[in-house]
1. Based on this model, can you work out whether residue 276 counts as in contact with an Asp or Glu (Cβ under 6 Å, 6 or more places away or on another chain) and small (Gly, Ala, Ser)?
2. Scan segment 146-168 for residues that are over 27 Å from the mean Cα position of the chain (by Cα) and under 30 Å from residue 334 (Cβ atoms) and jot them down.
3. Looking at 185, 197, which one is buried (at least 16 other Cβ atoms within 10 Å of the Cβ), assigned to a loop (DSSP other than H, G, I, E, B) and free of Cβ contacts under 8 Å to residues at least 60 places away in the same chain?
4. Has segment 245-255 got at least one residue that is under 30 Å from residue 160 (Cβ atoms) and either modelled with pLDDT under 95 or crowded, with 18+ Cβ neighbours inside 10 Å (or both)?
5. Of the residues in segment 120-133, how many are surrounded by fewer than 15 Cβ atoms within 10 Å (Cβ to Cβ) and either of a type in the set (A, V, I, L, M, F, W, C) or within 25 Å of residue 327 (Cα to Cα) (or both)?
6. For residue 290, are the conditions met, namely being buried (at least 19 other Cβ atoms within 10 Å of the Cβ), at pLDDT below 95 and part of a helix (DSSP H, G or I)?
7. Considering segment 62-89 alone, what residues qualify as being in a loop (DSSP other than H, G, I, E, B), over 22 Å from residue 200 (Cβ atoms) and in contact with a Phe, Trp or Tyr (Cβ under 8 Å, 6 or more places away or on another chain)?
8. For segment 177-191, give me each residue that is in contact with a helix residue (DSSP H, G or I) (Cβ under 9 Å, 6 or more places away or on another chain) and of a type outside the set (Gly, Ala, Ser).
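The values are calculated or read from the model by the stated rules, or taken from the named source; none is laboratory data. Bear in mind the structure is a predicted one, so any value in this text is a computation, not a measurement. Reconstructed Cβ throughout: ideal geometry from the backbone, glycine too, with neighbour counts over all protein chains shown.
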Amino acid sequence: MDVSRFFAMDYREARRKFMTAAEAAGAELDSFRHPTEKAPDGGPLHMDTAWFGPKDAPVVLVALSGTHGAEGFAGSAAQIQWIEEGTARRLPKGVAVLKVHAVNPFGFAHMIRVSEGNVDLNRNWIDYAQPLPKNPIFDEVEAALSKREGYDDALVDEYTAAAKPFYEKYGDWKMSDALSRGQYRHPDGAQFGGLKREWSTHTLDYIVRTKLAQAKHVAYIDWHTLIRIGDGKFVYLCFNQIGDPLHKRVGEWYGAETIDRKTVNKQWGEGVARSAGRPGRHGLVFWGLQHILAPHADIAGSVIEFCANKEEHNDPLRHRVQLQLKSRWLFRNRKYDSKEGKEIVHELRDNTTPLRKDWQDKAMVAAHDTYEKILAGAGAWAAENAPVKVGKLALSDPGGEA
């Protein structure tokens, strides 16, 4: 099978392929148009849903793509492949499937990670009525960085030189944690969680409340990219509380060792330069959905990271800084039709979802296998007629060193 047809080069093509496949498969479709933002070509932006199976199913598999914008290309391809394979016609008894395409359509279309407000949507599900989480190490680093605009070699060198002393001061893991868990004081900075909930967050909240009102149990996938530990591999980030029955259930789907924190820390350390393990998090989508669904339904599942082969760079930190600065330049200047804009878009597209055929082939085989496993698990969950067990609700996690 030529899986390249499931992949798109831009948001508009990805959306067209998803909607065409879902309509042909007889899905119930719904679309939510962004009220203020547009794609780089001036076209509209939508978060789209496709429902397969009985409306009163006690177990619903929810699969998201595009939470981190440009990372959505791989998740979109996995969603489209699943639809075209015809699995919806042979769902396990008591199971329905809800696909949510382009949770962050702005980032998806503009080839960046964040929303129109420079917000990481996987840090945006906190309780804004409470004091915002603090991140003092991030504050120190941010204060030391140049405020000059651009991505030229001199600025990349300035950023890299400014960051290195903090790695020496705090160590690799604490720095990785501080730069990744989310921050709420610097609206122009990286990993900004926002000062309020974004349109995408409100819209997904509405979708879950209205479409999952009848569900007892939700099996969850949030497709992401790109950890560098090998083509065709996945990292499974389960954010159910360790030790509770829902965490154990996810382990039954994918293998207990697969979601074990030691396994994930090892994968993260191998695939992300200068990180000894998975950092902590604030305000994940998964935890937000837990709160919405409780007490009538529980949710179990994972963020799943598509992986790729390692890239060799003389200075991995410098390379990451350069990509971040290019992404920021694109976000702020919106010069998509310029020569440099086109070059950055292409580089960011390939960096988040490789264009190599061998990568695409292995990624879609792995995605197919993952859907098979979680659907089998969802079917067993429905057959058990298990009671709802919400478990401990949280909005933050201490991460790899806990």
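1. Spelling it out, residue 276 is indeed in contact with an Asp or Glu (Cβ under 6 Å, 6 or more places away or on another chain) and small (Gly, Ala, Ser).
2. 146, 147, 148, 149, 152, 153, 154, 155, 157, 158, 161, 162
3. 185
4. No, segment 245-255 contains no residue that is under 30 Å from residue 160 (Cβ atoms) and either modelled with pLDDT under 95 or crowded, with 18+ Cβ neighbours inside 10 Å (or both).
5. Residues meeting the conditions: 1.
6. Answer is no for this residue.
7. Once the filter is applied, which keeps residues that are in a loop (DSSP other than H, G, I, E, B), over 22 Å from residue 200 (Cβ atoms) and in contact with a Phe, Trp or Tyr (Cβ under 8 Å, 6 or more places away or on another chain), segment 62-89 yields nothing.
8. 177, 179, 181, 183, 184, 185, 186, 188, 191
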